[in-house]
Amino acid sequence: MDTAVKTNQRPSRIPFDPAAARGSLFQAFLDARAQFGGSTPALVDGDGRVLTYDELVRASFALGHALRKGTKRDEKVGVMLPTGVGAAVAFLALTAYGRIPTMINFTSGAADLKSAIRTAEVKRVVTAHRFIELGKLEDVAQTVGEAAELIYLEDVRAKLSLSDKLTGLVGSLSPNFLAPNFMLHRTQSDKPAAILFTSGTEGQPKGVVLSHHNILTNVAQVRAHIDLYASDVVFNPLPVFHCFGLTVGMLLPLIAGIKVVCHPTPLQPREIVRRIRESQATILLSTDTFISQYGRAGEPGDLDSLRLAVCGAERVRDETRTFFRRKYGMDILEGYGVTEASPVVAANQIEANHPGTVGRLMAGMEARLDPVEGIPNAGILKVKGPNVMLGYIRADAPGRIVPPEGGWYDTGDVASIDADGFIAIRGRVKRFAKVGGETVSLAVVENIAAALWPDNHHAAVAVPDATKGEQIVLVTDVAEARRLDLVAWAQNHGASELAIPRRVISIAGLPVLGTGKTDYVSVQKMAEQDAKSGRT
């Protein structure tokens, strides 16, 4: 993640304490309410509505009490909502009563949505009529509704019983009084707290199961790594179905007593710049792709309130750093995270900024590099620590958690680590592309092409893109191959549009190695040369 800094304040970091990561997420939230005061503003919704800790606690108890009637303890319940009050309350409500919030990526294709729901064994998904209508997501709702029961927040609120309302009131006044009736005080910290999904290596998303201890550890690690102040205001436009948006963008501020301003989508540059200026936000969460758009949309002075711009999910380009330094006087620091690590693994710091690296590991983590043939002075980055996931749930074994072997998570990235502990990511050993912050399997791209043209050969590679981070190029020996054919196939089969290549190159025959395997190095050079020539 990246940090742009403007402050003369003295550091106020909290030393990393593993003991602070015990217990449940909801207990940590209640502890924050007790520490910072129930009347303290905690969260600002997309429409500007401000909720205090007391109001969030009351809403969480009331909604949780209502939702428990149709669910059972330890059940995975889907959450398909934009970043905002609804998502925060739904998450807290479910975890308060021992349910496991399962974050649904509503931007996925139909096939991925259904696969994710089956993989996690989700029977019910919490969403909202207003969200579906404003987002024009009727088709998504229909797809999800075919795999699970949709529960609309507006309908639940309209039917809240007197018991639900009294539970919310009593919970906000004396949460400990309700202890026998919910899982808060009995939730073991090593039990599942949330499930998020990967993009999948073959179009089958994997569920990443994070425990209460995993997430609370990462919150504690970030608080020990980066300066945070009571006066800070976090601006979070990132979706909560991504771990960065969930942990750093929602849970960390609520636990740390820092007001968070939510925005339902990162795709509104001018509106986001306006809200940053009006809210006087001091910390911005974003990605390289999106922050570049915000920078272009804003005028000098619009982002003056920011002291930190924290970016994750993709590499921050040199052009972005240069642009922000010139226009806004902001220096950007890069960092690194993966969903499987809850998600923050490493980050540069204000006083230790090494451009070209992603900084040093979070406290309590270990890293090792496994050698990669043909790549000197680097290796496959593997990490271990208390923030690393409980394990994966795979499509071929729904509901079964498979822990990482020996506790080590293979990031799939090739990296180097210098003598001072700074990590530089050299590239991806697995064949994935980053398109607008989303991970896309190049194997899936090739599979789509093979479904269309089964008698031909295809290779997909990723090349740099000035606005999206990377773009996918398909090289094929189909003479008349068209991108429109791939788009049509994806739409008809529910595949994600992210898996559609930006460009298609037709050649007489794909280069192969002596073993008969595709020579991806040659294909990569071909695609990069084609991009430089400006062909489409």
Shape call, region 18-393: gyration tensor on alpha carbons, a/c limit 1.5 = rounded
Which value in nm describes the separation of the simple spin-label points at Lys72 and Ala508, placed 7 Å from the Cα toward the beta carbon?
-> 6.6 nm
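Count charges around Ala224 for me, please; just the other residues with Cβ under 10 Å from its Cβ, Lys/Arg as +1, Asp/Glu as -1. Provide the component values of the computation, followed by the final result.
On the way: positive: Arg13, Arg223; negative: Asp17.
So the environment of Ala224 carries a net charge of +1.
What does the charge count around Ala488 come to, taking other residues whose C-beta lies under 12 Å from its C-beta (Lys +1, Arg +1, Asp -1, Glu -1)?
Details: positive: Arg482, Arg483; negative: Asp485, Glu497.
Value of the local net charge: 0.
For His213, what is the net charge nearby, where nearby means another residue's Cβ is under 14 Å from its Cβ and Lys, Arg count +1, Asp, Glu -1? Present the calculation step by step, with values, prior to reporting the outcome.
On the way: positive: Arg22, Lys191; negative: Asp17, Asp190.
The answer is 0.
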Please return the longest stretch of the chain lacking exposed loop sites, where GluC sites (Glu not before Pro) count only if DSSP places them in a loop and at most 16 other Cβ atoms lie within 10 Å.
-> 203-350
Along Cα→Cβ, 7 Å out, is where each label goes; now give me the distance between the ones at Ala488 and Asp396 in nm to one decimal.
-> 3.4 nm
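Which value in deg cm²/dmol, rounded to the nearest 500, describes the helix-derived mean residue ellipticity at 222 nm for the chain, given -39,500 (n - 2.57) per DSSP H run of n ≥ 4 and division by the residue count? It would help to have the intermediate numbers written out before the result.
Values: 16 runs with 171 residues, N = 536.
Taken over the chain, the calculation gives -9500 deg cm²/dmol.
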Hey, can you grab everything whose amide H is under 5 Å from the amide H of Tyr152? Only 5+ residues off in sequence or another chain; H modelled, so Pro and N-termini drop out.
-> Thr127
Checked region 187-274 with the C-alpha gyration tensor, a ≥ b ≥ c its square-rooted eigenvalues, rounded below a/c of 1.5, otherwise prolate if a/b is larger than b/c and oblate if not; verdict oblate
With respect to the cross-link table entries Lys72/Lys382; Lys191/Lys382; Lys191/Lys468; Lys327/Lys382, which display a Cα-Cα separation exceeding 32 Å?
-> Lys72/Lys382; Lys191/Lys468; Lys327/Lys382
Length added when fully stretched, Arg326-Ser522, from 0.36 nm per residue minus Cα-Cα | 66.8 nm
In sequence order, calculated HN-Hα J values of region 353-359 (Karplus, 6.51, -1.76, 1.60; Hz; x Gly/Pro) | 9, 10, x, x, 10, 10, x
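Gain in length, Lys136 to Ser163, computed as 0.36 nm per residue apart minus the alpha-carbon separation, to one decimal in nm? Provide the component values of the computation, followed by the final result.
Working: separation 27, 0.36 × 27 = 9.72 nm, distance 3.46 nm.
That works out to 6.3 nm of additional length.
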Amide H neighbours of Val345 under 5 Å, counting only residues 5+ apart in sequence or on other chains, H built in-plane at 1.01 Å?
-> Tyr336, Gly337, Val338
Longest exposed-site-free window of the chain, the sites being trypsin sites (Lys or Arg not before Pro) in a DSSP loop that have at most 13 other C-beta atoms within 10 Å = 187-399
In terms of the Cα gyration tensor, with a ≥ b ≥ c the square roots of its eigenvalues, is region 432-533 rounded because a/c is under 1.5, prolate because a/b exceeds b/c, or oblate?
-> oblate
Diffing region 111-120: the Karplus 3J(HN,Hα) column from phi (6.51, -1.76, 1.60, θ = phi - 60°), in whole Hz with x for Gly and Pro, holds 5, 5, 4, 5, 4, 4, 5, 5, 4, 8
Derived scalar couplings ³J(HN,Hα) [region 94-99; Karplus, 6.51 cos²θ - 1.76 cosθ + 1.60; whole Hz; x for Gly, Pro] = 5, 5, 4, 9, x, 8
Please give the contour-minus-distance gain from Glu278 to Glu319: 0.36 nm per residue of separation, less the Cα-Cα distance, rounded to one decimal in nm.
-> 12.0 nm
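The numbers here are math on the coordinates, done by the rules we state, and not lab data. Since the model is a prediction, treat every value here as computed from it, not as a measurement. Every residue, glycine as well, gets a Cβ built from its backbone with ideal geometry; the counts of neighbours run over all protein chains shown.
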